[in-house]
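The numbers here are math on the coordinates, done by the rules we state, and not lab data. Keep in mind the model is a prediction, meaning the values are calculated, not measured. With ideal geometry, Cβ positions are generated from the backbone for all residues, glycine too; neighbour counts draw on all protein chains shown.
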Amino acid sequence: MGNTAVVTGGTRGIGAEIAITLQKSGYITAATYAGNTERAEKFSEETGIKAYKWDAGCPQSCTQGIAQIEQDLGPIDILVNNAGITRDGWFHKMDFDQWSQVMRTNLDSMFTMTRPVISGMRERGHGRIINISSINGQKGQIGQTNYSAAKAGVIGFTKALAQENARKGITVNCICPGYIDTDMVSAVPEKVLESIISQIPVGRLGKASEIASLVTYLCSPAAAFITGSVMTINGAQYMANG
């Protein structure tokens, strides 16, 4: 079983909670980030988790960054593809930059982050890849054609990669969170937030710790027979068979 885990977008929000929970579960954990260095440095000081800065959608940066993490911490056998951005807008008003920026970070990163680690996982006969999609990748969302398309692509990527690597001891699974109580969601205007919560049958936002707990389980030996799965954590707001 591998001990080194990497979480992209791992210094804030859901990613930070995943990284912290993996570390508490005994994994040597690294987090990547693209923007806020001050926030990332504070995260590392508070948690002891090393943070590495690069663009998860850039092939060269990912190859170099992953090589550095493996040099610092050891071979990567757990990858959590969590990095994501939004550039919302009605499609008839959307420009190509809004489209391509979201595709680069949310979907291209599936390739650029996974490709450099998959060969090592196959050689060692063990790996855990968890991809974070979204409820809106399953059902779509007004104003998010770019985001919904990218997150739907994550689901297809997961299912294909799982089949290719199942006999090599590598599991590949996808988690689709609903609305989670992070800083980003909490910043939504109160009336909008009330409207969102009214659509969630359990009557509340999800917790980042609930996502992190599932990720940690999927990384464990107990989850060795679970691969190619698409798991929803959305309080019954939307239910689908994958």
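Some points to look at:
- Every pair of residues 6+ apart whose Cβ atoms lie under 6 Å, when the first sits in the range 77-93 and is under 15 Å from C62 (Cβ atoms) while the second is of a type outside the set (K, R) and in a loop (DSSP other than H, G, I, E, B): N81/T8; N82/T8; N82/G9; A83/T8; A83/G9; A83/A56
- Test for A162: is it more than 30 Å from G26 (Cα to Cα), assigned to a helix (DSSP H, G or I), in contact with a Ser or Thr (Cβ under 9 Å, 6 or more places away or on another chain) and among the hydrophobic types (A, V, I, L, M, F, W, C): no
- If you go through the range 221-242 and pick out every residue that is without any contact (Cβ under 8 Å) to a residue 12 or more places away in the chain, farther than 16 Å from C176 by Cβ and either part of a loop (DSSP other than H, G, I, E, B) or touching a helix residue (DSSP H, G or I) at 6+ places or on another chain (Cβ under 6 Å) (or both), you end up with 1.
- Of the residues screened, Q141 is one that is free of Cβ contacts under 8 Å to residues at least 60 places away in the same chain, assigned to a loop (DSSP other than H, G, I, E, B), surrounded by fewer than 21 Cβ atoms within 10 Å (Cβ to Cβ) and polar (S, T, N, Q).
- The range 88-132, residues that are charged (D, E, K, R), outside any helix (DSSP H, G or I) and within 14 Å of A149 (Cβ to Cβ): D88
- Members of the range 35-52 found to be surrounded by 15 or more Cβ atoms within 10 Å (Cβ to Cβ), touching a Phe, Trp or Tyr at 6+ places or on another chain (Cβ under 9 Å) and outside any loop (DSSP other than H, G, I, E, B), listed by number: A40, F43, A51, Y52
- Restricting attention to the range 220-242, the residues that are of a type in the set (A, V, I, L, M) and within 13 Å of G127 (Cα to Cα) add up to 3.
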